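The values are calculated or read from the model by the stated rules, or taken from the named source; none is laboratory data. The model shown is predicted, which means the values in this text are computed figures rather than measured ones. Every residue, glycine among them, receives a Cβ derived from its backbone with ideal geometry; neighbour counts consider all protein chains shown. Just so you know, the surface numbers come from the protein's heavy atoms only, side chains and all, with ligands and any DNA or RNA stripped out. Shrake-Rupley method; radii C 1.70, N 1.55, O 1.52, S 1.80 Å.
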Amino acid sequence: MKVAFFGDVHGRVVHALGAAVMLRKRRGIRLDALIQVGDLGSFPSPERLDDATRRFIVGNPAEGDFFRLLDPSPQLAEGVRSALEQVPAFLYVSGNHEDHDWLAALHQAAAAAVTPVDPLGAYRHVACGNVIEVAGQRTAFLGRIESDAMDYDRAAYETFLAAEPGSVDILVTHDGPHGLSEYRGILRGSPKLSRLIEHLQPRLHVGGHYHHENGPRRYGSTLSYTLADLVGAKTNHRTSEPVNPRQQIKAGSIGVLDTETYDFEYVHDAWLAEVSGDELDLAALVDAG
Ligand SMILES: [Fe+2]
């Protein structure tokens, strides 16, 4: 079976659906599951945005697409429905840019570890600390990041740290292991996550958060990969230089796992650039193939 993993979406939920449909079409593969590693950008209303997201949404309109999905136009609803005839709904874990209170309330109302967050059911949030079967693989979900301001859900982290080594096949996190890159002379990544991977020894770990492709890194019998962000900002917020003015999908933001061989491949295909725009027409993209 094939599982596709998607990096930080930051609101561009229509791009992610479009990229999944194109991946299926252009590779001619059936996708059995789609997993998104957090920073989906799930906020129920503009008033609930966090400060960073509120800043970025100005000048990056597609970062507000989660709101389009919550209250879809007939055309977008048709696009999402036809996309979901070709690819499964996304499962995703919390990043550090979500409305965590809203997500917790959805889980509470549903009394479930997995809950849809949009009316068409395109995105299903998995609460931290759960292991669910995805494409036949025991898949553990740990969202959020190691930081003073946020940190992992303590019970979830400790449950996984106490679990039997090898008892899960895939670990999905938002954060990445310690030492995966360097920024201004400081090593980035989560020491607590490195410790967890070294203990739990899943066959595969996938994370995001650092917005660049990194991997494979080996930890005992685990191969760990982090994904680039799916699209990112139009311009560099420090220098105002153009970075991704067309708002196209980035190489390295999607990875595909073959569960038979456990081969994991970053997608660098040229068609990624075709999934682009400030207001992506999903229905047209789905029809075009
Ligand atoms: Fe992010």
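Taking the 0 to 90 degree range and rounding to the nearest ten, how far is the long axis of helix 13-27 tilted relative to the main principal axis of the chain, both from C-alpha atoms? The angle comes out at about 80 degrees. For the options Leu49, Leu187, Leu69, a Gaussian network treatment of the chain with springs between C-alpha atoms closer than 10 Å singles out Leu187 as fluctuating the most. Taking 1.567 mPa s as the viscosity and 4 °C as the temperature, the Stokes-Einstein diffusion coefficient of the chain based on its alpha-carbon Kirkwood radius rounds to 69 µm²/s.
Largest GNM mean-square fluctuation among Gly64, Gly28, Gly129, using the chain with Cα springs under 10 Å: Gly28.
Note on Arg138/Ala111: beta-carbon distance plugged into 1/(1 + (r/R0)^6) with R0 of 22 Å gives a FRET efficiency of 0.45.
In the full protein context, segment 138-214 carries 44 Å² of accessible surface per residue, based on a 1.4 Å probe and ignoring ligands, DNA and RNA.
Spin-label pair Glu78-Ala163: with each label point 7 Å from Cα along the Cα-Cβ axis, the two points sit 4.3 nm from one another.
For segment 5-94, GluC sites (Glu not before Pro) are listed when DSSP marks them as loop and at most 16 other Cβ atoms sit within 10 Å of their Cβ; the list is Glu85. Comparing Cα centroids, segment 275-289 and segment 56-91 end up 11 angstrom apart.
Think of it as helices only: each DSSP H run of n ≥ 4 in the chain is worth -39500 (n - 2.57), and spread over all residues that comes to -7500 deg cm²/dmol at 222 nm. The long axis of helix 191-200 is offset from the longest Cα principal axis of the chain by roughly 70 degrees. Can you send over the carbon and sulfur percentage of the accessible area for the chain, probe radius 1.4 Å, protein chains only? Of all accessible area on the chain, carbon and sulfur atoms account for 48 percent. Mean separation of Cα pairs under 8 Å and 6 or more residues apart, divided by the residue count, gives segment 83-187 a relative contact order of 24 percent.
Protein heavy-atom accessible surface, 1.4 Å probe, per residue over segment 56-119: 43 Å².
Largest mean-square fluctuation among Thr159, Thr239, Thr115, in a Gaussian network model of the chain whose springs join Cα atoms under 10 Å apart, belongs to Thr239.
In whole percent, what relative contact order does segment 62-133 give with Cα contacts below 8 Å and a gap of six or more residues? Computed value for segment 62-133: 34 percent relative contact order. Of all DSSP beta bridges confined to segment 1-139, the antiparallel ones make up roughly 40%. DSSP assigns beta bridges within the chain; of those with both partners inside it, close to 55 percent run antiparallel. For the set Phe6, Phe56, solvent exposure ranked by accessible area (probe 1.4 Å, protein chains only) runs largest to smallest as Phe56, Phe6. The C-alpha atoms of the chain define a longest principal axis, and helix 74-84 lies at about 40 degrees to it.
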